[in-house]
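First comes the structure, then the notes that go with it.
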Amino acid sequence: MQELQRLDTEITRLSTTARDCGLLMPDGSPDQQARIAALTATLRRVEADNSDADAKNQLYLLLRERTRCGHSRANITLNVARRVLRSPFYV
């Protein structure tokens, strides 16, 4: 019986707390709601810009790698050509 009374008291306390919290934290004025909507739109735009920046960064990394490979290939070709020209068997 005491357990039921304790649980009933706890439920009453929790419902009162929930009601008080709801009163203390209203949904906000229209100005606050407009500000929240503006900030949310800004956040979406920033996230989209961040996505674009990440995509561009990946492209630049791939371009750099391709250029590095191209330069390595050109250096190898140049070194081979120099060796051939220095070779005593080259006519």
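Read the figures in this text as sums done on the coordinates, not as results from a lab. Being a predicted model, the structure only gives us computed values, none of them experimental. Here the Cβ is made from the backbone with ideal geometry for all residues, glycine too, and neighbour counts use every protein chain on show.
For every residue, the table says whether it meets (1) more than 31 Å from the chain's Cα centre (by Cα); (2) among the β-branched types (Val, Ile, Thr).
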{"site": "21", "(1), (2)": "yes, no"}
{"site": "35", "(1), (2)": "no, no"}
{"site": "42", "(1), (2)": "no, yes"}
{"site": "46", "(1), (2)": "no, yes"}
{"site": "57", "(1), (2)": "no, no"}
{"site": "60", "(1), (2)": "no, no"}
{"site": "70", "(1), (2)": "yes, no"}
{"site": "78", "(1), (2)": "yes, no"}
{"site": "84", "(1), (2)": "yes, yes"}
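Okay, residues lined up against (1) among the charged types (D, E, K, R); (2) touching a residue at least 12 places away in the same chain (Cβ under 8 Å); (3) surrounded by 10 or more Cβ atoms within 10 Å (Cβ to Cβ):
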site	(1), (2), (3)
13	yes, no, yes
24	no, no, no
34	no, no, yes
42	no, no, yes
62	no, no, yes
81	no, no, yes
85	no, no, no
